[in-house]
Amino acid sequence: MATQATASATAETDLRYHLHPMTRTSNRNVEDVTVIERAKGSYVTIDGRDYLDGLSGLGCVNIGYGNESVCSAAAEAMARLSYSHGFAGLTNENAASLASKLVAMNGDVFDRFFFASTGSDANESAIKIAYYYWLLRGQPEKRMLIARKHGYHGNTIVATSLTGLDLYHPQFGLPLPGLVRHADAPFHYKYGNGLDPDAFGLEAARSIERIILEVGADKIAVFVAEPIQATAGIIVPPSSYWAEVRRICDRHDILLIADEVVTGFGKTGEMFGYQKFGFEPDMITLAKGLTSGYFPMSAVGVSKKVTSVLDASPDDFEHGFTYCAHPVGAAVALANIAVIENGLAQRVSREIEPAIVEGLKGVDQFGIVGDVRGIGVMAAVEFKAASGKEEDVAALCHRVNLGLFERGVIARELWGSVAFIFPLIVTVEELQRTFAALREVIAAVDADPE
């Protein structure tokens, strides 16, 4: 009862003083506030009940909650050096070690790493690095960006402009005019039009080239995209897609940035998504799984192709943030990576993905299910309504998601789908219970879809 009373008081205080992200601001009451009381392993506690977090926070708590080695690393680092930064050549042991570790983990695909705090400012930093690169190469007119429909890249001005989900644009008058063109998404279920997946993957990639030919390669700085479009509902591209994207970027001298804010650190069964799909980007952005959400930290990996040009300039690189190279964040990241490398990444392909595939077998036979897809620890079930109306599909998703929550599972409604991004520590038994609950809920909704 004491916990419930505390949660109630927290909800009242929150309602009065907290301006929430991604939350309606009007006509809210205390019942609209959900208080997370504590968390451990794959579970969070709400109103005294434990829920399996099938979304691992916001796709970030790769190693689960409350890992003792990571918590100890944070406390020890904070006691030793609670703050430092990276300006004017300043560094600390943890930041230097993390940069070296990330280069090694990527097999020297990247030459150096820049540190920031969130996925949004990592993507913003990558764009500024690209602009500086083209300036130094004597091509300052290469300013336009290409991203993708259904893509998500964050909530700063440029990151929101890159995002190809219209929901995030109208309130802020974005995208910035003339900054971004959005190519087709490699979303076979929605746009395949009878093409086999490989043929469709090539066609989706070539939509990038059509933009390049229309605008002019001499005006385009980068193509930026997620290996898997997570926020739009776990859109997994056909196997033909990424190799063709790499060829197009090389052919037209355009930098390729892989936004691995979600897909990094084991979620696909490989440590990074680009490794899963067999291509090498010129830059990579990382966050979320870098620290498993235990500390706000992000990174930009920069290839030798880019750093060799930056290094030829005698000028300072005039970009940075207060928390660049934070010693506590770096210590947390190193401890977190050690946990992931100690068997967690390997079990994604060996245990978790097969259990998810098995759990989702036959789900596509329900009348309200349009598509079932996934890779690694990520999966989504997309729904369809007889009316074809988006609002009716959204209502089906909401009913399924609510049914899962009532059965002790947290998932997320994403653009017509219910999606999961499980922590790397989830057990086969927990997955079996989750998909048994999912099947039960879908069957009930399918029997009464109106």
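The values are calculated or read from the model by the stated rules, or taken from the named source; none is laboratory data. Nothing here was measured: the structure is a model prediction, and the numbers come from that model. Because the Cβ atoms are built from the backbone with ideal geometry, glycine has one as well, and the counts that use them run over all protein chains shown.
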| query | Going through the stretch 354-381 one residue at a time, which ones are touching a Ser or Thr at 6+ places or on another chain (Cβ under 7 Å) and within 14 Å of LEU414 (Cβ to Cβ)? | reply | ALA380, VAL381
| message | Tell me yes or no: at least one residue of the stretch 408-430 is outside any strand (DSSP E or B), β-branched (Val, Ile, Thr) and touching a strand residue (DSSP E or B) at 6+ places or on another chain (Cβ under 6 Å). | response | no
| request: Give the residues of the stretch 93-144 that are at positive phi and among the acidic types (Asp, Glu), sorted by residue number. | output: ASP108
| query | From the list SER308, SER298, which residue is under 30 Å from ALA205 (Cβ atoms) and out of contact with any Gly (no Cβ under 9 Å at 6 or more places or on another chain)? | reply | SER308
| note | Scanning the stretch 30-42 residue by residue, the ones that are in contact with a Gly (Cβ under 8 Å, 6 or more places away or on another chain) and either assigned by TED's automatic domain parsing to the domain that holds THR268 or not charged (D, E, K, R) (or both) total 3
| Elements of type helices (runs of 4 or more DSSP H) contained in the stretch 278-394, each with 1 or more residues being in contact (Cβ under 8 Å) with a residue 60 or more places away in the chain, polar (S, T, N, Q) and surrounded by fewer than 23 Cβ atoms within 10 Å (Cβ to Cβ) | 304-310
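Yes or no, residue by residue, for (1) among the acidic types (Asp, Glu); (2) more than 22 Å from the chain's Cα centre (by Cα); (3) buried (at least 16 other Cβ atoms within 10 Å of the Cβ); (4) outside the structural domain of LEU414 (by TED's automatic domain parsing):
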{"site": "THR160", "(1), (2), (3), (4)": "no, no, yes, yes"}
{"site": "GLY164", "(1), (2), (3), (4)": "no, no, yes, yes"}
{"site": "LEU167", "(1), (2), (3), (4)": "no, no, no, yes"}
{"site": "ALA185", "(1), (2), (3), (4)": "no, no, yes, yes"}
{"site": "GLU214", "(1), (2), (3), (4)": "yes, yes, no, yes"}
{"site": "ALA221", "(1), (2), (3), (4)": "no, yes, yes, yes"}
{"site": "VAL236", "(1), (2), (3), (4)": "no, no, yes, yes"}
{"site": "ARG251", "(1), (2), (3), (4)": "no, yes, no, yes"}
| Given ALA338, ALA411, ALA345, which one is modelled with pLDDT under 95 and within 22 Å of the chain's Cα centre (by Cα)? | ALA345
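A quick yes/no check of all residues on (1) among the β-branched types (Val, Ile, Thr); (2) more than 30 Å from GLY388 (Cα to Cα):
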position	(1), (2)
ILE254	yes, yes
VAL300	yes, yes
THR307	yes, yes
ALA345	no, yes
ALA355	no, yes
GLY367	no, no
| request: For residues that are surrounded by fewer than 14 Cβ atoms within 10 Å (Cβ to Cβ) and touching a strand residue (DSSP E or B) at 6+ places or on another chain (Cβ under 9 Å), scanning just the stretch 5-35, find the one that is nearest to LEU414 (Cα to Cα). | output: THR34
| query | If you check VAL328 against the conditions, is it under 30 Å from VAL418 (Cα atoms) and modelled with pLDDT of 95 or more? | reply | no
| request: Six or more apart or on different chains, Cβ under 6 Å: which pairs go from a residue in the stretch 431-445 that's assigned by TED's automatic domain parsing to the domain that holds ARG399 to one that's among the acidic types (Asp, Glu) and crowded, with 21+ Cβ neighbours inside 10 Å? Could you list them? | output: none
| request: Kindly list, by first and then second residue, each pair from a residue in the stretch 153-171 that is touching a residue at least 12 places away in the same chain (Cβ under 8 Å) to a residue that is among the basic types (Lys, Arg), limited to pairs with Cβ atoms under 8 Å and residues at least 6 apart or on different chains. | output: GLY164/ARG148; GLY164/LYS149
